[in-house]
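Participant: Below is the structure I would like to discuss, written out as C-alpha cells.
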Amino acid sequence: MFDFNKVTDRKHSFSEKWDKYKDSDTIPMWIADSDFETAPVIIQALHERVEHGIFGYTEQPTSEVKDAIIYHLSKQHDWQIDRDWIVPLSSIVNGLTISCMVASQNKPKNKVDILVPETIYPPFNYVTSNTGNQAIRVPIILEEERWILDFDALESLITPETKLLLFCNPHNPAGTVYTQDELTRLHQICKTHDILICSDEIHCDLILSQDKKHISIAKLNEDANHRTITLMAASKTYNIAGLSFGFAIIAEPELRKKFSKIVLELMPETNLLGQVATTAAFKQGESWRLQQIDFLRSNRDYLLKEINSIPELKMYPLDATYLAWIDISKLKLKDAVKFFEKAGVGISPGTYFGNANFIRLNFACRRGQLEEVVKRIKTAVTSL
C-alpha cells in the first residue's frame, strides 16, 4: 500500500507550486499538480532508463509508449484505437493551440470563430487569441449541482464562421463528468453545423464518483471519431507533468496529417523520460492509481463537508479531478488571492477561469495539510 499521507518537502525543489511561497508560511493549494510522489513502478522505470546513460534523439513516439496507450485506452475506457491515430505532444496546451490553427487553415485571414466555455482552464482562452481567432463564449449552467455547457445557448451562438469547439471533459475547474446523453447531444450539434471538436480529457483517469464513468466523445460513433481531436496525458493522474509528454488521438487521416505537420514544424519534441514514465504508468501503475482515487475521494468528501459548514461559502460536488470549485461570492472580496494568502492559503482565483465569484483549491495533498488549510480558511472567513 502506498502512503499518500507521506510528508515530502517540495520547497526549494524548483516546484512552481511550492516555490511561489517558499519564503512564507503560506500553503500552496493552487496549481494542478499533486503533492504525492509518483507510483514506485514509474520511479523504477526512470531509474533504469537513467542508468543507461545516453539521452539522444528519441523515436516520436516510441513503440513502447504507443503499446501502452493502446492498452490503457482499451482496458480503462473500452476504446479500441489504431496505432496511427496517436500523435505525441510535449503538452496538452500545445494540442489546444494546434487545434485552433488547424481549424483556421484555408480561411480568409486565417481567422474563425471558436466556441469556448465561459468558465474554463485559462489556456483555452489564450490559445484562441494567440492563433488570431475569435472566442465565442458558451455559458456554463448549474443543473442539479452539476456545471455543464448550456447546449441551447451553444447552438444559438454558432455562426457561419464557427469551425471549432474547445471542450473539456472532465471539466476543469468544475469537475463535471459528462454523461453519454449529454455527449450525444453535443456531438449532434457539432455534426449539424460541421464543427470540429477538440476534447481535453487530461483528467479522465481521475474519476472520483463511483457511479460515474468517463466517455470520450470520439468514442460515440464514426462521425464523432472523425471530427474529434482527443487530448490526453498521464501527467495529472500520476503527477509527472514536469516530464512533458502527452498525446492526441486523431482518427481522421487528413485532420491528423494537418495536425501532425504543425507539430513537426512548430512544436518541441516530446521528452524521452516522459515517454518512459507514461509507459510504466499505463502498463503497471493501476494499483497505485486506484489507491490514489480512494484517497482523493476521501479528501473530497471531507472538504465538501467542511467548506459547506462555513457560513458564506459553498462548494459544489465534483465527480472528477482533485480541484474544488468554491463559491465565495457572499464574502464580497476585492482581492480573493490576497485575502486567502493573508490567511496562509494560496489559491487559484476564479477570475483566471472566467468567474470572479469562485476560487479553485487543489486537494491532492496529505490529509493533515488539508485539515490545516480548512482551519485557516474558517478562521479567516469567520473573522470578516
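The values are calculated or read from the model by the stated rules, or taken from the named source; none is laboratory data. All of these numbers come straight from a predicted model, not from anything done at the bench. Heads up, the Cβs are rebuilt from the backbone with ideal geometry, glycines too, and the neighbour counts pull from every protein chain shown. Please note that ligands, DNA and RNA were not included when accessible areas were found on the heavy atoms of the full protein model with its side chains. Shrake-Rupley method; radii C 1.70, N 1.55, O 1.52, S 1.80 Å.
Participant: Report D for segment 165-237 in µm² per second (integer): Stokes-Einstein, Kirkwood Rh on Cα pairs, 10 °C, 1.306 mPa s.
Facilitator: In µm²/s, the coefficient is 128.
Participant: Next question. Roughly how many Å is it from the Cα centre of segment 124-201 to that of segment 1-34, as a whole number?
Facilitator: What the calculation gives is 33 Å, centre to centre.
Participant: Follow-up question, since we're still on this one. Can you list the lysines whose alpha carbon is less than 26 Å from that of LYS17, not counting same-chain residues fewer than 8 positions off?
Facilitator: Counting by Cα, and skipping residues close in sequence, LYS17 has these lysines nearby: LYS6, LYS236, LYS305, LYS314, LYS334, LYS338, LYS342, LYS375, LYS378.
Participant: Could you pull out every residue, at least 5 positions away or on a different chain, whose amide H is within less than 5 Å of the one on SER91? Hs are placed 1.01 Å off N in the peptide plane, and Pro or chain starts have none.
Facilitator: Residues meeting the amide H criterion: GLY246.
Participant: Can you compute 3J(HN,Hα) from phi for each residue in segment 309-320, using the Karplus curve 6.51 cos²θ - 1.76 cosθ + 1.60 with θ = phi - 60°, rounded to whole Hz and x for Gly and Pro?
Facilitator: So the Karplus estimates, Gly and Pro as x, are 8, 8, x, 6, 10, 9, 10, 8, x, 10, 8, 8 Hz.
Participant: For the pair GLU312 and ALA356, what calculated FRET efficiency results from E = 1/(1 + (r/R0)^6), where r is the Cβ-Cβ distance and R0 = 22 Å, to the nearest 0.05? Spell out each step's value before the answer.
Facilitator: Details: r = 16 Å, r/R0 = 0.70.
E(calc), rounded to 0.05, equals 0.90.
Participant: Continuing with this model, one more query. Once you keep just the Cα pairs under 8 angstrom separated by 6 or more residues, what percentage relative contact order results for the chain?
Facilitator: Value for the chain: 24 percent.
Participant: Still on this structure, please answer the following. Amide H of LEU164 versus every other amide H placed in the peptide plane: which residues, excluding those fewer than 5 positions away on the same chain, fall under 5 Å?
Facilitator: Residues meeting the amide H criterion: LEU115, LEU196.
Participant: What's the whole-number percent of alpha carbon pairs in segment 38-131 lying beyond 21 angstrom? Kindly include the intermediate steps, with their values, before the conclusion.
Facilitator: Details: 2500 of 4371 pairs.
Counting pairs separated by more than 21 Å, the tail of P(r) holds 57 percent.
Participant: Convert 20 °C to kelvin, take the viscosity as 1.002 mPa s, use the Kirkwood radius over C-alpha pairs of segment 247-384 as Rh, and evaluate the Stokes-Einstein diffusion coefficient in µm²/s, rounded to a whole number. Before the final figure, lay out each step's value.
Facilitator: Working: Rh = 18.0 Å.
Diffusion coefficient, whole number: 119 µm²/s.
Participant: Accessible area per residue, 1.4 Å probe, Å², for segment 132-238: what's the number?
Facilitator: Ligands and nucleic acids excluded, the result is 36 Å² per residue.
Participant: To make sure I understand the rule: partners must be lysines, Cα under 16 Å from the Cα of LYS75, and not fewer than 8 residues away in the same chain. Which ones qualify?
Facilitator: Once the sequence-local lysines are set aside, what remains near LYS75 is LYS66, LYS213, LYS219, LYS283.
Participant: With the full set of protein chains in place, find how many percent of the accessible area of segment 253-371 is carbon and sulfur; take the probe as 1.4 Å. Show your work: numbers first, answer last.
Facilitator: Working: 2650 of 5140 Å².
Carbon and sulfur together cover 51 percent of it.
Participant: Across segment 239-245, in residue order, what do the Karplus-derived ³J(HN,Hα) couplings come to in whole Hz, using 6.51 cos²θ - 1.76 cosθ + 1.60 with θ = phi - 60° and x for Gly and Pro?
Facilitator: Ordered by residue, 3J(HN,Hα) equals 6, 10, 4, x, 9, 6, 9 Hz.
Participant: Along segment 199-210, what does the Karplus equation 6.51 cos²θ - 1.76 cosθ + 1.60 (θ = phi - 60°) give for ³J(HN,Hα), rounded to whole Hz, x for Gly and Pro?
Facilitator: For segment 199-210, the Karplus curve yields 10, 7, 10, 5, 9, 5, 9, 10, 7, 8, 6, 6 Hz.
Participant: May I pose another question? What is the ratio of the Cα radius of gyration of segment 1-58 to 2.2 N^0.38 Å, with N the residue count, to two decimals?
Facilitator: Scaled against compact globular proteins, the figure is 1.46.
Participant: Diagonalise the Cα gyration tensor of segment 271-343 and give the resulting equivalent ellipsoid semi-axes, square root of 5 times each eigenvalue, largest first, whole Å.
Facilitator: Working: eigenvalues 237, 59, 15 Å².
Semi-axis lengths for segment 271-343 are 34, 17, 9 Å.
Participant: Rounded to a whole number, what % of the accessible area of segment 1-124 do carbon and sulfur atoms account for, probe 1.4 Å?
Facilitator: The value for segment 1-124 is 51 percent carbon and sulfur by accessible area.
Participant: What is the distance in Å between the Cα centroid of segment 294-364 and that of segment 56-87?
Facilitator: Cα centroid to Cα centroid, the span is 36 Å.
Participant: Taking only Cα atoms and a 10 Å spring cutoff, compute GNM fluctuations for the chain and point out the largest among PHE282, PHE55, PHE167.
Facilitator: PHE55
Participant: Next question, about the same structure. From the C-alpha gyration tensor of segment 152-279, pull out the three semi-axes of the equivalent ellipsoid (sqrt of 5λ each), sorted largest to smallest, in whole Å.
Facilitator: So the equivalent ellipsoid measures 26, 21, 12 Å along its semi-axes.
Participant: Continuing with this model, one more query. Cross-link partners among lysines for LYS109, C-alpha distance below 26 Å, same-chain residues fewer than 8 apart left out?
Facilitator: Result set, ordered by chain and number: LYS163, LYS191, LYS257, LYS258, LYS261.
Participant: Using the beta-carbon distance between PHE151 and ASP194 and R0 = 25 Å, what value does 1/(1 + (r/R0)^6) give for FRET efficiency, to the nearest 0.05?
Facilitator: On the way: r = 17 Å, r/R0 = 0.69.
For R0 = 25 Å, the calculated efficiency reads 0.90.
Participant: For the residue pair ASP23 and GLN134, what label-to-label distance in nm results when each label sits 7 Å from Cα along the Cα-to-beta-carbon direction?
Facilitator: With each label point 7 Å from Cα toward Cβ, the separation is 4.6 nm.
Participant: Using a 1.4 Å probe, what is the accessible area per residue for segment 313-384, in Å²?
Facilitator: With the other protein chains kept in place, segment 313-384 gives 41 Å² per residue.
Participant: If you put +1 on each Lys and Arg Cβ and -1 on each Asp and Glu Cβ, how big is the dipole of segment 37-129 around its Cα centre, in Debye rounded to 20?
Facilitator: Details: 7 positive and 11 negative charges, 103 e Å.
Once rounded to the nearest 20, the dipole reads 500 debye.
Participant: What do you get for Rg/Rh of the chain when both radii come from the Cα atoms and Rh is the Kirkwood radius?
Facilitator: Working: Rg = 20.6 Å, Rh = 21.6 Å.
Here the Rg-to-Rh quotient is 0.96.
Participant: Evaluate E = 1/(1 + (r/R0)^6) for ASP294 and GLU371, where r is the Cβ-Cβ distance and R0 equals 22 Å; express this FRET efficiency to the nearest 0.05.
Facilitator: It comes to 0.75.
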